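A quick write-up on the structure given underneath.
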Amino acid sequence: MSGLTPQFLALAIGLACGFCAYVAGLPLPWMLGPMIGNTIAALARAPIAGPNRLRPFVIPVIGVMLGAGVTAEVVALIPTWLPTLILLPVFLLIAGSVAYLVYRRVGGYDPVTAFFSAAPGGLNEMLVIGGEAGGDERRIALAHAARVLLVIGFVALFFGAVLGVSTGGSSSNWIGLAEIGVRDYVLLALCAVLGVWFGKVARLPAAPVFGPMIFSGIAHVTEIVTVAPPTVFVIAAQITMGTIIGTRFAGATLHEIRRDLGLAALASLLMLLIAVVFAEAISMLSGMPLAQAFLAYSPGGLTEMALLTLALGQNVAFVSLMHIARITMVIAAAPLVFRLRNKQRQRGDP
């Protein structure tokens, strides 16, 4: 199979599994269903491929959706976010070090591959930087893909099964396509297009999502636009992203997937446990809801965690900002930390 057929097949699997997950009452069904279905299809060596051509269109739409959650009340809460931001580098240092030990000591990865597999930054950024440093790009990619898959799955199931938080998008809060006027559609589209342009020109981290989020946030805070995005857009974004996550394992051998999923499961579990500790500390320090602080520290992908936060009805602006800060810190610090570590090893330090 060639061309677009494997992508259409993956999307069809994603849509079908998303619907089944929704009917079964799974939390975050439109993302978890496609993730699980396409992961199984990848393990079965099905001829699927990620619909990556949709990413340039879906990511800005997600940014606009996230910006719709920014209100004057949310902006007023920004000073209370400072403790979370201050503790974020400490969390990254501890969680990254623990994950590094898992990949290095348990998995037997070489130091470069272990370091960039453990660093909780963006998949693409860690893949590029790690490859340039001499790491195994395939192992780094699988490690980050597995981390995102496991973190999103665990957090969604935890909120649904333990906290009883619904993420299915019931008919009571459904927003139809016809409920938004032409003017609002045009303004939101401008937020997406201009936001991507601004994000690239300003060299913002995660520019395709962060730029549109900023423009959409400004539009909603100033009440130029007051409507939320149609629910079908949210569902379409979740199906697309869930499908992309699941198809990242396409082409990998069963041995690779088994090994990397096992290592990622151990590393992700330890990182999530550390996130719980930090979230509890933030909750006690600032009075912030534990669930919201936990989402801010959970080491999933920015776009995926933002969608999950949106589905859970939590503060999207806060969680998105913390994940943008996390990725920025990791991208900025990873090459420097690795160079310092190399100098220590050359001197024979432990």
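Between residue 200 and residue 110, full extension at 0.36 nm per residue minus the direct alpha carbon distance yields a gain of 29.0 nm. Sorting the segments 150-159, 183-192, 137-146 by their residues' average number of neighbouring beta-carbon atoms within 10 angstrom, most packed first, yields 137-146, 150-159, 183-192.
Computed from the C-beta positions of residue 333 and residue 138 and an R0 of 22 Å, the FRET efficiency is 0.35 to the nearest 0.05. For the peptides 67-73, 176-182, 205-211, 242-248, residues were scored by their other Cβ atoms within 10 Å and the scores averaged per peptide; the highest-first order is 242-248, 205-211, 67-73, 176-182.
P(r) tail, the chain: Cα-Cα pairs separated by more than 26 Å, 49% of all pairs.
Please work out whether segment 15-136 counts as rounded, prolate or oblate from its C-alpha gyration tensor, where a ≥ b ≥ c are the square roots of the eigenvalues and a/c under 1.5 means rounded, while otherwise a/b larger than b/c means prolate and anything else oblate? Oblate is the answer for segment 15-136, as a/c is 1.5 or above yet b/c matches or exceeds a/b.
Of 64, 227, 330, which has the largest mean-square fluctuation in a 10 Å C-alpha GNM of the chain? Largest GNM mean-square fluctuation: 227. Computed over segment 5-347, relative contact order equals 31 percent, with contacts defined as Cα pairs under 8 Å that lie 6+ residues apart. Ordering of 52-61, 309-318, 290-299 by packing is 290-299, 309-318, 52-61, highest average first (other Cβ atoms within 10 Å, averaged per residue). Spatial offset of segment 242-308 relative to segment 1-50 amounts to 20 Å, using the alpha carbon center of each. Extension gain, residue 73 to residue 179: 0.36 nm times the residue separation minus the Cα-Cα distance gives 35.7 nm.
Read the figures in this text as sums done on the coordinates, not as results from a lab. Quantities reported herein were computed from a predicted structural model and do not represent experimental measurements. So basically every Cβ, Gly included, is an ideal-geometry build from the backbone, and we count neighbours across all protein chains shown.
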